[in-house]
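Structure first, then comments.
The values are calculated or read from the model by the stated rules, or taken from the named source; none is laboratory data. Computed from a prediction, not measured in an experiment: that's the story for all the values here. No Cβ is skipped: glycine too gets one built from the backbone with ideal geometry, and neighbour counts run over all protein chains shown.
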Amino acid sequence: MDEDKASSRVLVVEDEEGIQELLRVTLQRHGFEVRCEGSVESAEAVLLTWGPQLLVLDWMLPGENGLAWCRTLRRREETQKLPIILLTARGEESDRVHGLESGADDYLAKPFSPRELVARVNALLRRSYGGTAAGRVRLGDLHVDLRAHRVYAGEVQIHLGPTEFRLLRLFVTNPERVFSRDMLLDQIWGRQSFIEERTVDVHIRRLRRGLDHHGYAHIIETVRGEGYRCSALGSQREVVGGGR
């Protein structure tokens, strides 16, 4: 797996099983984490709990179509900037314009080549995340190297356990987003895990303890009655790319 893409999560919403499998296999082969859903309704829950960094969305879907959902996502504050590639058999110029005007960042007409798909996904991730979705994130003097799984305060390395690093990675790549304990259990431990919610609190305390030695415990905020979020420290947050 290409480590530059190891943390790049792509949500595919496509109801044709053959195309869905092609998208899954192609993207996974190039190192992306992929989740596939067949409708807007099922994709909504994944979008909220999994936190994808890019959406590949079919225009024609059962129930609510992809174009209508694209407009909805652009009206929501938490998904306004989510990169979206619209996938459709409608290849006329007027259709492409309509798709882009509805909020899609790019448009890929069927049939498409796997090579073109990967190139467009890479290009959109570079544009959207300043070079890469899986490079390094800086919060002031705190540097999180997402590829090497290392954290630094200035030049000093902060040693975190594997679970604490996964939590930190999730928080810093989704700044200001509130994660409930259920969402964190799903993201960090997996849906099949039988871990109690209080386990989340234990690992949050460990993460804060590791950051506190260098004055960064405050970036992991408790949202009363909701869960936890990472404060992005305003303009001090920076995503640094390693290139693709």
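Summed over the stretch 138-172, the residues that are part of a loop (DSSP other than H, G, I, E, B) and under 20 Å from the mean Cα position of the chain (by Cα) give a count of 4.
Here C36, C70 are screened, and the one residue that is under 22 Å from V118 (Cα atoms), part of a helix (DSSP H, G or I) and modelled with pLDDT of 85 or more is C70.
Here is a check on your reading of the model: is R206 modelled with pLDDT of 90 or more and in a helix (DSSP H, G or I)? Here the answer is yes, as R206 does meet what is asked. A single entry from G103, G91 fulfils the requirement of being farther than 30 Å from I188 by Cβ and modelled with pLDDT under 75: G91.
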